[in-house]
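The values are calculated or read from the model by the stated rules, or taken from the named source; none is laboratory data. Just so it is clear, the model here is predicted, and its values are computed rather than measured. Because the Cβ atoms are built from the backbone with ideal geometry, glycine has one as well, and the counts that use them run over all protein chains shown.
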């Protein structure tokens, strides 16, 4: 009897929480998308321009969008967070607009430690990881920023050592 009650309670909790996570992204109706899992705010679409890596870094750091100017090129981990491996062409949620899914690779800020002349990118067609030459390759750019609201609510991290 206890086993059935525990299972019933677990199922009820799961069903109660499931709608909260039904849509992982929020369309902010201002050309940005908020990822509810990471709290990151993304450009909803790229600008259709391919760039070399340094130009992509410069583009994001100079970008002012929705009144915010703290945009940056995402890390490879952040970029993979918007990849949906259950989809192809593109391998992202349809909330994200893609210029060229068939040939759309996106830069990350992550530099390869062994091959410093390369940086990581993701092919948005199927979510494949690539290492691109920073000077000779020209993937697309999708910028990201941290969510001010989450940062102000959470405050500074507590490292447990007084710092």
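Between residues in region 64-76 that are on the phi > 0 side of the Ramachandran plot and in contact (Cβ under 8 Å) with a residue 24 or more places away in the chain and residues that are assigned to a strand (DSSP E or B) and surrounded by 14 or more Cβ atoms within 10 Å (Cβ to Cβ), which pairs lie under 6 Å by C-beta distance while being six or more apart or on different chains?
66/32
With respect to the numbered conditions (1) modelled with pLDDT of 95 or more; (2) touching a helix residue (DSSP H, G or I) at 6+ places or on another chain (Cβ under 6 Å), which one is the sole condition not fulfilled by residue 75?
Going through the list (1) modelled with pLDDT of 95 or more; (2) touching a helix residue (DSSP H, G or I) at 6+ places or on another chain (Cβ under 6 Å), residue 75 breaks only (2).
Among the residues of region 41-67, how many are within 17 Å of the chain's Cα centre (by Cα) and more than 18 Å from residue 132 (Cβ to Cβ)?
Of the residues in that region, 9 qualify.
Which condition number in (1) out of contact with any helix residue (DSSP H, G or I) (no Cβ under 6 Å at 6 or more places or on another chain); (2) in a loop (DSSP other than H, G, I, E, B); (3) touching a residue at least 24 places away in the same chain (Cβ under 8 Å) is the one that residue 87 fails?
Here residue 87 clears every test but (3).
Go through region 90-107 and count every residue that is assigned to a loop (DSSP other than H, G, I, E, B), farther than 27 Å from residue 135 by Cβ and touching a residue at least 12 places away in the same chain (Cβ under 8 Å).
3
Give me a count of the residues in region 48-84 that are surrounded by fewer than 16 Cβ atoms within 10 Å (Cβ to Cβ) and in a loop (DSSP other than H, G, I, E, B).
Selection size over region 48-84: 9.
Looking at 121, 137, which one is closer than 14 Å to residue 52 by Cα, outside any strand (DSSP E or B) and either modelled with pLDDT of 90 or more or touching a strand residue (DSSP E or B) at 6+ places or on another chain (Cβ under 8 Å) (or both)?
On the way: 121 fails: outside any strand (DSSP E or B).
Of the residues listed, the single one that is closer than 14 Å to residue 52 by Cα, outside any strand (DSSP E or B) and either modelled with pLDDT of 90 or more or touching a strand residue (DSSP E or B) at 6+ places or on another chain (Cβ under 8 Å) (or both) is 137.
Tell me which of these residue 110 doesn't satisfy, since it passes every other one: (1) surrounded by fewer than 23 Cβ atoms within 10 Å (Cβ to Cβ); (2) assigned to a loop (DSSP other than H, G, I, E, B).
Condition (2) is where residue 110 drops out.
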